[in-house]
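Undergrad: Just passing along the structure, written as structure tokens.
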Amino acid sequence: MALKVEVYQKERVRPCSPTPQTLRNYKLSLIDIISSTYYNPFVFFYNSGADRHDYDELKNSLMKTLSLLYPLAGRIKDASTIECNDEGADFVLAKVTNCDLGEFLRHPKHEDIRQLLPLDPYPNPIHSALPMLAVQVNTFRCGGTAVGFCIWHGLADGGAMTGLFNTWAAINRGEGPINPGGLIADASATFRPGNLVSSPLKPFPLEKQGKYSSKRFVLCKRDIERIRNDYYQPSEHSRRPSRVEALSAFVWAAVIRATLQANPNLKMHLLTKMINVRNKLNPPFPSQCLGNIYQMVAARWELEADRGGSVTAGFLVGRVVEAIHKVTDDYMREMHAEGGYLRAALDVSKAAALHNADEINVLFISSLCNIPFSQVDFGWGKPIWIGLGHTLENLAVFMDAEDGGVEVWIGLAKEVMSNLDKDMKFHAYVSFSQIISEPSCPLQSAL
């Protein structure tokens, strides 16, 4: 049964106090600009309870939050600047007319999650009329609430979203903002845009391998600990891999095996991962400040160099750990000096261009583990679940689950996903799986 969502109110919410003229222009960093092609789309689900979900109160607390996080109330001025003009955020109220919250959560579908969002998270192109932040508050028949967020990625990575959610939730609870002085920082001085606009940087020359399927896999804490232990080799590694390191290698190995079955011409597979570097820089950035304070790292598997059959997580985990742990303050400053970041990206792109399109593939991993989205309490209790509205194409997103487990949301070409479903090495550690979307399902928002 298709979800029915009816929007009954839409308005523009502006900061409760004007942004000073001295703060009118917020400069974007190199990483902000690279990240600025879409919105981060999330939906937080809350049970109905003793505390009434007051949406007028939520709107008023958003006004106060925008006064602190004023770039989110601005608009794109040019390729490297947000004009903090207090145009505001979109605030939408909607009703789910044919479903209770419990019924929805039994088998959430990607196309239904998208209907709970206030706008299309992948507009083409993003332009000056679009808001930096949009919120849709959805009421289920039972009284439960789903709050859908679209936050422009050019202003917010996972750490920045934590700052927004925690600040807004604290104000709505009547507790005041948490660490308001640590919400805005100038990353453009560290990650200088340089000549990015005129750079010949292009995406990997990869062709789509047919339509994509998306699934959600849940691994419990016990099985993640098994993975960490199974791939810890004291003779090769000084410590056990972290759960994200081990899980990254585990998923990557399974995807390589599944891709090789679908494409025998595969010669190279890349894993790329974003690393939050707020606490790695000297001096460190505030832990929840706006912006994209991360470093993209890559690990590589090659058929010829690795003699074919060594596609196991135990074999790959060392490469994942090495890629992550090379990111230090010195490494970051060297990468971003004199255009080094762009040169490194171009070098990878050129290396990929030496192969035919079917000889190379890539898996992008974004980990939101240890980012406390599950603690975001607007005064209604903590969310009972968080849904993703991302388009998943060769992308895996890790989210904390209950009891220390992890949800892995992943989208792969249909044939590759079919092979992954048959991989017993992979499923031996998976406690639950669910289809999120099939190629025949259109993705849309309610607007």
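The values are calculated or read from the model by the stated rules, or taken from the named source; none is laboratory data. Small disclaimer: the values here were computed from a predicted structure and weren't measured. Positions of Cβ are generated from backbone atoms using ideal geometry, with glycine treated the same way; all protein chains shown enter the neighbour counts.
Undergrad: So Ile76 passes all but one of these: (1) under 22 Å from the mean Cα position of the chain (by Cα); (2) of a type in the set (A, V, I, L, M, F, W, C); (3) surrounded by fewer than 18 Cβ atoms within 10 Å (Cβ to Cβ). Which condition number does it fail?
TA: (3)
Undergrad: So which residues in region 93-122 are surrounded by 19 or more Cβ atoms within 10 Å (Cβ to Cβ) and of a type in the set (Phe, Trp, Tyr)?
TA: Phe104
Rundown of residues vs (1) at pLDDT 90 or above; (2) assigned by TED's automatic domain parsing to the domain that holds Ala187; (3) outside any helix (DSSP H, G or I), yes/no style:
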site	(1), (2), (3)
Arg278	yes, no, yes
Gln288	yes, no, yes
Asp306	no, no, yes
Gly309	no, no, yes
Ala323	yes, no, no
Asp330	no, no, no
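Undergrad: Just name the residue that is modelled with the lowest pLDDT out of those in region 48-85 that are aliphatic (A, V, I, L, M) and in a loop (DSSP other than H, G, I, E, B).
TA: Only one residue fits best here, namely Ala50.
Undergrad: Next up: If you check Gly387 against the conditions, is it in contact with a Pro (Cβ under 7 Å, 6 or more places away or on another chain), at pLDDT 90 or above and part of a strand (DSSP E or B)?
TA: Spelling it out, Gly387 is indeed in contact with a Pro (Cβ under 7 Å, 6 or more places away or on another chain), at pLDDT 90 or above and part of a strand (DSSP E or B).
Undergrad: Mind checking which residues of region 1-59 are of a type in the set (A, V, I, L, M) and over 30 Å from Met274 (Cα atoms)?
TA: Across region 1-59, the qualifying residues are Met1, Ala2, Leu3, Val5, Val7, Val13, Ala50, Leu58.
Undergrad: If you don't mind, there's one more thing I want to ask. Would you be able to tell me the number of residues in region 123-158 that are under 19 Å from Asp86 (Cβ atoms) and either surrounded by fewer than 19 Cβ atoms within 10 Å (Cβ to Cβ) or aliphatic (A, V, I, L, M) (or both)?
TA: 11
Undergrad: Can you pull out the residues in region 3-58 that are of a type in the set (Gly, Ala, Ser), touching a residue at least 60 places away in the same chain (Cβ under 8 Å) and surrounded by fewer than 21 Cβ atoms within 10 Å (Cβ to Cβ)?
TA: Ser36, Ser48, Gly49
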